[in-house]
1. If a residue must be touching a Pro at 6+ places or on another chain (Cβ under 9 Å) and near the ligand (Cβ under 8 Å from one of its atoms), how many such residues does segment 74-95 contain?
2. Just to be sure, is Arg129 open to solvent by 30 Å² or more (accessible area, probe 1.4 Å), within 23 Å of Gln29 (Cα to Cα), touching a residue at least 60 places away in the same chain (Cβ under 8 Å) and among the basic types (Lys, Arg)?
3. Given the options Lys186, Lys161, name the one that is at pLDDT 95 or above, farther than 24 Å from Pro36 by Cα and out of contact with any Ser or Thr (no Cβ under 6 Å at 6 or more places or on another chain).
4. Within the bounds of segment 153-171, is there any residue that is free of Cβ contacts under 8 Å to residues at least 60 places away in the same chain, open to solvent by less than 70 Å² (accessible area, probe 1.4 Å) and away from the ligand (no atom under 13 Å from the Cβ)?
5. Are any residues in segment 85-120 under 18 Å from the mean Cα position of the chain (by Cα) and among the charged types (D, E, K, R), and if so, which ones?
6. Pick from segment 96-112 the residues that are within 9 Å of the ligand (Cβ to nearest atom) and of a type outside the set (S, T, N, Q): which of them is nearest to Pro167 (Cα to Cα)?
7. Six or more apart or on different chains, Cβ atoms under 9 Å: show the pairs whose first residue is in segment 76-92 and without any contact (Cβ under 8 Å) to a residue 60 or more places away in the chain and whose second is within 16 Å of the ligand (Cβ to nearest atom) and among the hydroxyl-bearing types (Ser, Thr, Tyr).
Amino acid sequence: MGRFAKNIRIIDYAMHQLIFATNNAHKVQEIQPLVPSGIRVITLAEAGIDVDIPEPHDTLEANADEKSGVILQMTGEDCFSEDTGLEVEALGGAPGVKSARYAGEPVSHDANISLLLKNLEAVENRNARFRTVISLRWKGYRHLFEGICEGTILKERRGEKGFGYDPVFLPDGADKAFAEMTLEEKSQYSHRAKAVEKLIAFLKKEG
Ligand code: IMP
């Protein structure tokens with residue numbers, strides 16, 4: 001019994017802890033199942049951090065860096081953040097970095113979708129993509145990982161799951177909108193899962 005308890009503690013110490021700099025529970029839910037058991041991702045709340053980090057920049061990369069940089073400064077610990085935008089071809093890449101506040105304040109996913117559908121009302125070209133940038137602060141260095149999911153904007157909302165623009169985004173090769181998919185199904189296509197795969201590959205290589 002004593003030896004068993006000791007072994008458990010050894011496994012505990014071997015686990016590397018990484019803070020995920022987000023307050024978005026959906027993002028945590030999507031990322032956690034993709035992370036191997038040797039790495040423990042903890043949320044800002046679990047790290048006891050209550051902060052609303054601004055996203056003042058005009059690129060996803062700069063905003064992701066801002067978020068991971070703030071948490072690194074506050075904690076001194078390895079951490080990562082991610083920033084995502086929906087880029088619609090016929091709108092010149094909008095809403096892009098402004099995706100969260102496309103329809104203004106207060107942030108409303110429903111209002112954002114309504115504005116997007118209105119702006120695409122008479123538009124044939126529905127091509128769009130989600131782009132995620134992860135900024136990792138690891139042992140004093142910064143690393144960026146990108147994930148892209150190509151697709152099209154539907155004419156009407158479909159499904160109740162997910163968040164943000166999920167009800168109107170149909171990934172290429174899928175017959176369901178993101179909001180009609182389980183977490184596992186969304187992960188087969190998603191921008192976030194692709195960026196996380198690159199992050200995990202890096203962490204595995206680094207040991
Ligand atoms: P953030 O700045 O990375 O939190 O993302 C900006 C906005 O993009 C969010 O508020 C959502 O509206 C949208 N968004 C980000 N990721 C997704 C996703 O996976 N599905 C649908 N919308 C998303």
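The values are calculated or read from the model by the stated rules, or taken from the named source; none is laboratory data. Because the structure is a prediction, the values reported are computed rather than measured. Using ideal geometry, Cβ is built from the backbone for each residue, glycine included, and neighbour counts are taken over all protein chains shown. SASA here: full protein model, heavy atoms, side chains in, ligands and nucleic acids out. Shrake-Rupley method; radii C 1.70, N 1.55, O 1.52, S 1.80 Å.
1. Taking segment 74-95 and keeping what is touching a Pro at 6+ places or on another chain (Cβ under 9 Å), we get 85-88.
Imposing the further condition that a residue be near the ligand (Cβ under 8 Å from one of its atoms) reduces the set to 85-86.
So the count comes out to 2.
2. Details: open to solvent by 30 Å² or more (accessible area, probe 1.4 Å): yes; within 23 Å of Gln29 (Cα to Cα): yes; touching a residue at least 60 places away in the same chain (Cβ under 8 Å): yes; among the basic types (Lys, Arg): yes.
For Arg129, the condition - open to solvent by 30 Å² or more (accessible area, probe 1.4 Å), within 23 Å of Gln29 (Cα to Cα), touching a residue at least 60 places away in the same chain (Cβ under 8 Å) and among the basic types (Lys, Arg) - is met.
3. Values: Lys186 fails: farther than 24 Å from Pro36 by Cα.
Result of the check over Lys186, Lys161: Lys161.
4. Step one: list which residues in segment 153-171 are free of Cβ contacts under 8 Å to residues at least 60 places away in the same chain, which gives 154-161, 166-168, 170-171.
Applying the additional criterion that residues be open to solvent by less than 70 Å² (accessible area, probe 1.4 Å) yields 154, 159, 166-168, 170-171.
Adding the requirement that they be away from the ligand (no atom under 13 Å from the Cβ) leaves none.
No, because not a single residue in segment 153-171 is free of Cβ contacts under 8 Å to residues at least 60 places away in the same chain, open to solvent by less than 70 Å² (accessible area, probe 1.4 Å) and away from the ligand (no atom under 13 Å from the Cβ).
5. Residues satisfying the conditions are Glu87, Lys98, Arg101.
6. First, pick out the residues of segment 96-112 that are within 9 Å of the ligand (Cβ to nearest atom): 97-102, 107, 109, 112.
Now narrow it down to the ones that are of a type outside the set (S, T, N, Q): 97-98, 100-102, 107, 109.
Numbers: Val97: 19, Lys98: 18, Ala100: 15, Arg101: 17, Tyr102: 16, Val107: 17, His109: 10 Å.
Within segment 96-112, the match that is nearest to Pro167 (Cα to Cα) is His109.
7. As it stands, the answer is Asp83/Thr59; Asp83/Thr132; Asp83/Ser135; Gly85/Ser99; Gly85/Thr132; Glu87/Ser99, since those pairs meet every condition given.
Okay, residues lined up against (1) surrounded by 15 or more Cβ atoms within 10 Å (Cβ to Cβ); (2) without any contact (Cβ under 8 Å) to a residue 12 or more places away in the chain; (3) within 9 Å of the ligand (Cβ to nearest atom):
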residue	(1), (2), (3)
Gly48	no, yes, no
Asp52	no, no, no
His57	no, no, no
Leu72	yes, no, no
Ser135	yes, no, no
